[in-house]
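J.: Quick one: structure below, then a few questions.
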Amino acid sequence: MGVVGAVLGPEAEALVRLRVAAGRLRREVPADEHWAFAYSMLHRVSRSFALVIQQLGPDLRNAVCVFYLVLRALDTVEDDTSIPTEVKVPILQEFHHHIYNRDWHFSCGTKDYKILMDKFHYVLTAFLELGSGYQEAIEEITRRMGAGMAKFICKEVETVDDYDEYCHYVAGLVGIGLSRLFHAAGLEDLAPESLSNSMGLFLQKVNITRDYLEDINEIPKSRMFWPREIWSKYVDKLEDLKYEENSVKAVKCLNEMVTNGLIHTEDCLRYMSALKDIAVLRFCAIPQVMALATYALCYNNVNVFRGVVKMRRGLTARIINETNSMSDVYTAFYEFSSLLERKV
Ligand code: D9A
């Protein structure tokens with residue numbers, strides 16, 4: 001432990017180390033304008049994730065950066081409630097063609113996402129510089145995801161099967177696409193789609209569970225991703241879970257959501273244990289460990305219905321610094337599973 005750690009504790013030390021790493025990266029701006037835009041955009045929209053991407057080798061890192069931004073753009077179209085359905089659906093379905101057209105452009109979204117959409121030609125310029133193996137993987141995933149999102153524009157998440165299907169489109173396909181990028185980079189064997197899918201489902205189900213209140217309070221229209229098959233056992237309307245008089249039912253429902261998500265952890269461990277490249281392992285494992293830690297924090301926690309339940313930044317920093325091998329992953333999974341078990 002360094003001086004900071006000795007004086008202020010391990011979380012403060014981890015935060016300082018991360019701050020230093022982030023500052024170093026921000027000063028290393030790529031020479032080309034489009035790559036500079038891509039990496040600065042990545043930093044703006046996903047603080048900690050941007051740091052982990054940066055540790056991949058240059059080739060794979062560029063492909064993942066572009067993949068991430070293309071997916072974010074697709075998300076921005078899906079999320080923008082001011083776009084009429086008849087305009088939105090064809091954009092989602094055709095998106096995989098648009099990425100080959102440097103002049104394609106569609107303004108929507110707000111804040112950082114509006115900037116991403118307005119300057120999307122930079123992302124497309126970067127995409128067109130990638131190797132064809134990377135381009136084809138990104139194209140195929142964009143095609144399948146756009147079609148899936150279009151399908152769910154007019155369809156609600158009713159059953160647990162719908163829930164898995166929706167999460168497959170928006171997250172499982174990301175896992176499948178990344179596995180193809182790792183393979184195209186010559187770093188990994190091609191993982192089975194079912195295991196790659198589980199990597200995404202686990203992360204996405206944690207987001208959906210944790211973000212209940214934010215999604216239900218969305219203006220102009222609340223967004224509902226919790227499957228009716230689960231919440232209808234406890235309340236008549238999903239929004240009823242946020243009212244104080246339903247606290248007991250709400251927490252029971254929440255616990256069922258967490259239990260449903262935990263199904264995927266075994267596949268996730270199997271996926272990660274097959275990885276050979278240490279940078280790829282870290283890149284995959286850090287979000288997984290954070291997701292399990294978030295589930296442990298949310299379980300039996302009524303605050304999910306009162307505000308945002310967030311991990312301490314220091315704990316996040318420790319996970320980033322201390323996840324360096326498969327053995328670290330097992331240790332972390334064991335630790336957070338034990339915490340969960342105590343709460344059960
Ligand atoms: C990921 Cl290219 C995501 N999603 C994440 C981040 O991790 C996955 C979006 C685009 C890409 C990758 C991810 C990372 C490594 C391996 C993966 C993988 O599969 C093999 O995806 C499955 O959340 C978004 C989806 C879940 C929809 C896929 C991690 C991330 N973390 C946020 C923190 C947070 O709370 O959202 O983005 C961040 O660092 O800001």
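J.: Pairs of Cα atoms under 8 Å, at least six residues apart: use those to get the relative contact order of the chain, whole percent. List each step's numbers first, then the result.
T.: On the way: 406 pairs, mean separation 58.0, N = 344.
Over the chain, the number comes to 17 percent.
J.: At 222 nm, what value in deg cm²/dmol follows for the chain if DSSP H runs of at least 4 each add -39500 (n - 2.57) and the sum is divided by all its residues, to the nearest 500? Display every interim value, and only then the final one.
T.: On the way: 19 runs with 241 residues, N = 344.
My calculation for the chain gives -22000 deg cm²/dmol from helical runs alone.
J.: State which helices in the chain qualify, where a helix is a whole DSSP H run, it must extend 27 Å or more along its own axis by its Cα atoms, and its mean Kyte-Doolittle hydropathy must be at least 1.6. Numbers along the way, then the final one.
T.: Details: long enough: 58-79 (31 Å, 0.49); 132-153 (31 Å, -0.25); 278-298 (29 Å, 1.71).
Sorted by number, the helices that extend far enough and score high enough are 278-298.
J.: Principal axes first, then extents: for the Cα atoms of segment 180-317, list largest minus smallest coordinate on each axis, whole Å, largest first.
T.: 54, 34, 29
J.: Using the count of nearby Cβ atoms within 10 Å as a rough guide to exposure, how do E244, E156, E11 rank from fewest to most? The partial results should precede the final answer.
T.: Numbers: E244 9, E156 12, E11 16.
Sorted ascending by nearby Cβ count, the order is E244, E156, E11.
J.: Sorting S327, S48 on the 10 Å Cβ count, fewest up front, what's the list? Walk me through the numbers before you get to the answer.
T.: Working: S327 8, S48 16.
Going from least to most buried by this count: S327, S48.
J.: I would also like to ask the following. Rank H183, P30, F106 by how far each Cα sits towards the positive end of the charge dipole of the chain (+1 on Lys, Arg Cβ; -1 on Asp, Glu Cβ) and give me just the farthest.
T.: Of the options given, the answer is P30.
J.: Sorted from fewest to most neighbouring beta carbons within 10 Å, what does the list R313, R180 look like? Intermediate results must be reported in sequence, preceding the final value.
T.: Details: R313 14, R180 24.
By the 10 Å Cβ count, ascending: R313, R180.
J.: How large is the Kirkwood hydrodynamic radius of segment 64-180, in angstrom, based on all distinct alpha carbon pairs? List each step's numbers first, then the result.
T.: Numbers: mean 1/r = 0.0692 Å⁻¹.
Averaging 1/r across every pair of different Cα atoms and inverting gives 14.5 Å.
J.: Next question. Going down the list K151/K237; K111/K237; K155/K343; K205/K233; K111/K310, which pairs span over 26 Å between their C-alpha atoms?
T.: Details: K151/K237 23 Å; K111/K237 32 Å; K155/K343 35 Å; K205/K233 19 Å; K111/K310 22 Å.
Checking Cα-Cα distances, K111/K237; K155/K343 exceed 26 Å.
J.: Evaluate the Kirkwood expression for the hydrodynamic radius of the chain, namely the inverse of the mean inverse distance over all pairs of different C-alpha atoms, and round to one decimal in Å.
T.: Working: mean 1/r = 0.0474 Å⁻¹.
Hydrodynamic radius (Kirkwood, Cα pairs) of the chain is 21.1 Å.
J.: What's the magnitude of the charge dipole for the chain around its Cα centre, counting Lys and Arg as +1 and Asp and Glu as -1 at the beta-carbon? Answer in Debye, nearest 20.
T.: Details: 39 positive and 46 negative charges, 234 e Å.
With only Lys, Arg, Asp and Glu charged at Cβ, the dipole is about 1120 debye.
Coordinate-derived values only; no laboratory data. All of these numbers come straight from a predicted model, not from anything done at the bench. Cβ atoms come from the backbone with ideal geometry, glycine included; neighbour counts cover every protein chain shown.
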